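Engineer: First, the structure itself, so that you have it in front of you.
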Amino acid sequence: MAFSSPEASRWWDHLQHLDGTSDLSKIATAAGRALVVLSETYAQAMQRDLRGLAAADTDVVLIGGACDLDGVLRVPANAALRQALGGTLTSLNARMAASWLEYCTPGRLISPEAQARWDAWASQAARPERYARTPMSDELVIAFIKEMKALHPDSSRTRLLRLFRDKGMACEQKRFADLYTSTIGRG
């Protein structure tokens, strides 16, 4: 679901009101530290809470997010780390957070040593990915799905998307999923 920034902020505020969710800064202050992992969209929706968290007397690391905040160590999303960390871009921030924790001193989220180790690793591991894929029409994507399912009936949707992309063709993941479902069904 895509929201504009004002819509996302209203959604977040409404969700907190319904849930009775506690103030992030109170939780972080009680714990003494906070590791926050957010996409750009969610970070924009939660700006007020993030500013409150930044003002708390605690160590705060933001993985991903939308912008730097005084009082918060931000580790921006870095698509060039996708190959080193594995998985898709959609889950990159979560894998970056898990990796960040490997560089931390036990019990601390922020230290100059941890930052230096992370920076050294990230600069060495970064591999920018460039794709020269050709965008395809819905009709061609559907034809590919039908052909591959006939040849490889047990192949998953994810596997077919990988084959599609490996052939140099472009299709966004959600669009491919929608076309697959409308062609093959959910099974």
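Here, each number is a calculation from the coordinates, and none is a lab measurement. Model, not experiment: these values are computed from the prediction. Cβ placement follows ideal geometry from the backbone for every residue including glycine, while neighbour counts extend to all protein chains displayed.
Engineer: When the scattering of the range 118-157 is computed by the Debye formula from its Cα atoms alone, each counted once and equally, what is log10 I(q)/I(0) at q = 0.16, 0.32, 0.33 Å⁻¹?
Structural biologist: -0.63, -1.00, -1.01
Engineer: Further, regarding this structure: Could you tell me how many degrees, from 0 to 90 and to the nearest 10, lie between the Cα long axis of helix 138-151 and the main elongation axis, the longest principal axis, of the Cα atoms of the chain?
Structural biologist: Value to nearest ten degrees: 70.
Engineer: Rounded to the nearest 500 deg cm²/dmol, what is the calculated helix-only ellipticity per residue at 222 nm for the chain, with -39500 (n - 2.57) per DSSP H run of length n ≥ 4?
Structural biologist: Details: 10 runs with 104 residues, N = 187.
That comes out to -16500 deg cm²/dmol.
Engineer: Please identify the trypsin sites (Lys or Arg not before Pro) of the range 113-172 that satisfy two criteria: DSSP loop assignment and at most 14 other Cβ atoms within 10 Å. Which are they?
Structural biologist: On the way: sites: Arg117, Arg130, Arg133, Lys146, Lys149, Arg157, Arg159, Arg162, Arg165, Lys167; in loops: Arg130, Arg133, Lys167.
Loop-located and lightly packed - Arg130, Arg133, Lys167.
Engineer: Any idea what angle helix 5-19 forms with the longest principal axis of the chain, computed on alpha-carbon atoms, 0 to 90 degrees, nearest 10?
Structural biologist: Between the helix axis and the principal axis of the chain, the angle is about 70 degrees.
Engineer: Please work out, to two decimal places, the log10 of the ratio I(q)/I(0) at q = 0.22, 0.25, 0.28 Å⁻¹ from a Debye calculation in which every Cα of the range 134-184 carries one identical scatterer.
Structural biologist: Relative scattering, expressed as log10 I(q)/I(0), comes to -0.70, -0.93, -1.21.
Engineer: Can you give me the pair-distance distribution of the chain, C-alpha pairs, 10 Å bins, whole percents?
Structural biologist: 8, 27, 27, 22, 14, 3
Engineer: Between beta-carbons, use under 11 Å as the cut-off and find the net charge around Arg108, counting Lys and Arg +1, Asp and Glu -1.
Structural biologist: Net charge in that neighbourhood comes out at -1.
Engineer: Report the Cα centroid-to-centroid distance between the range 82-96 and the range 122-187 in angstrom, as an integer.
Structural biologist: Using only Cα atoms, the two centres lie 19 Å from each other.
Engineer: Highest mean first, what order results for 42-52, 65-75 on Cβ atoms within 10 Å? Don't skip to the end; give the middle numbers.
Structural biologist: Working: 42-52: 19.0, 65-75: 16.9.
By packing density, highest mean first, the sequence is 42-52, 65-75.
Engineer: The range 62-149: which GluC sites (Glu not before Pro) are DSSP loop and have at most 10 other beta-carbon atoms within 10 angstrom?
Structural biologist: The qualifying sites are Glu129.
Engineer: Report the Cα-based extents of the range 30-111 along its three principal axes, largest first, to the nearest Å.
Structural biologist: Reported extents, whole Å, longest axis first: 35, 31, 17.
Engineer: Next question, about the same structure. Hey, can you grab everything whose amide H is under 5 Å from the amide H of Ala170? Only 5+ residues off in sequence or another chain; H modelled, so Pro and N-termini drop out.
Structural biologist: Amide H to amide H, under 5 Å and 5 or more residues apart or across chains, Ala170 pairs with Thr134, Met136.
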